[in-house]
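Here's the structure, in structure tokens; my notes come after.
The values are calculated or read from the model by the stated rules, or taken from the named source; none is laboratory data. Every value quoted in this text rests on a predicted model; they were computed, and no experiment measured them. Cβ placement follows ideal geometry from the backbone for every residue including glycine, while neighbour counts extend to all protein chains displayed. The accessibility values were calculated without ligands, DNA or RNA, using every heavy atom of the protein model including side chains. Shrake-Rupley method; radii C 1.70, N 1.55, O 1.52, S 1.80 Å.
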Amino acid sequence: MIASNEKAVTVTNARGASPFVIVCDHASNFIPEAYGDLGLTPVQRVSHIAWDPGALAVSRGLSDALDAPLVWSGISRLIIDPNRDLDAPDLIWTLSEATRIPGNENLSPEEREYRIAHFHQPYHTAIERLLEMRRHAGMETVLVCMHSFTPVYLGIARPWPIGLLHGRDTGFTEALRDALAAAEPDLNIGWNQPYAALNGVTLTLEKHGDGRGLEATMIELRNDEILSREGVTYWAELLAECLEAARRKRGGKRP
């Protein structure tokens, strides 16, 4: 059983009046006690392989600035990745970048199903319930999936401080890109960087955004940009402004 401090999902400001709903798939590096350290060092368990550093802080800043509901996963993606399909090979990582995850090797089918039922499914159920509540209330909804990425991956530097990803519908993400470029003309904006839907990293965006016919986007911030309070404040304020501008450009549609 899951102890009370091992919450698979947290929902805050569920009745926020904003048209935006913020979700943060990789908000936490928490590993439930039953799993020990997964065979990893303390440094590895606080590194980007375990979570998206800074993403929850920016998500909370956006939630406050926009009066938006926020849904976030409380379990490390090393236990199970909530942003992966159930048949994805990296649903439960055994190798992340160049790091073996010994505690995830040779899992039994029963353990795999346990993690799906207790950590993956509750997160998506919480998002689904929130979006369904808003639909019944006739509220417009724009889904915003917040992530962060490491500045260097497998020895290759990533130059973009921000990347924007879209699912099947590109419209809102294009409008957000235009708003960011207008607000910060020198900003290096990655388009479908450092990942794209073809990499299998947009489950939440496509399941709850495209799947419901909602305006939706996925935002990736380079994590060295958001490890300080000043960085978090800067990006939360800029994104709040530009999300609103993108919505105005799109006509505030699809309630």
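General remarks:
- Residues of segment 24-36 satisfying the condition of being part of a helix (DSSP H, G or I) and either under 20 Å from I127 (Cα atoms) or not hydrophobic (A, V, I, L, M, F, W, C) (or both): E33, Y35
- Some residue of segment 37-48 being in a helix (DSSP H, G or I), touching a strand residue (DSSP E or B) at 6+ places or on another chain (Cβ under 7 Å) and either of a type in the set (D, E, K, R) or farther than 30 Å from C242 by Cβ (or both): yes
- Scope segment 181-205; condition of a type in the set (D, E, K, R) and either in contact with a Pro (Cβ under 7 Å, 6 or more places away or on another chain) or modelled with pLDDT under 95 (or both); matching residues: none
- Among the candidates N29, N13, residue that is open to solvent by 20 Å² or more (accessible area, probe 1.4 Å), without any contact (Cβ under 8 Å) to a residue 60 or more places away in the chain, under 22 Å from E244 (Cβ atoms) and among the polar types (S, T, N, Q): N13
- Residues that are over 29 Å from R112 (Cβ atoms), in contact with a helix residue (DSSP H, G or I) (Cβ under 8 Å, 6 or more places away or on another chain) and either hydroxyl-bearing (S, T, Y) or open to solvent by 10 Å² or more (accessible area, probe 1.4 Å) (or both) do occur in segment 41-54, at least one of them.
- Of all residues in segment 215-241, those that are modelled with pLDDT of 95 or more have Cβ atoms under 7 Å from Cβ atoms of residues that are open to solvent by 10 Å² or more (accessible area, probe 1.4 Å) and among the β-branched types (V, I, T), 6 or more apart or on another chain, in N223/T150; I226/V232.
- Filter result for L205 (under 18 Å from the mean Cα position of the chain (by Cα) and surrounded by 15 or more Cβ atoms within 10 Å (Cβ to Cβ)): yes
- Condition check for W51 on (1) of a type outside the set (S, T, Y); (2) in a loop (DSSP other than H, G, I, E, B); (3) over 19 Å from the mean Cα position of the chain (by Cα): one failure, at (3).
- Filtering segment 13-41 to residues that are touching a Phe, Trp or Tyr at 6+ places or on another chain (Cβ under 9 Å) and either within 25 Å of T173 (Cβ to Cβ) or small (G, A, S) (or both) leaves I22, V23, C24, D25, H26, A27, S28.
- Residues within segment 215-255 that are open to solvent by 20 Å² or more (accessible area, probe 1.4 Å) and closer than 21 Å to A55 by Cβ, tallied: 13
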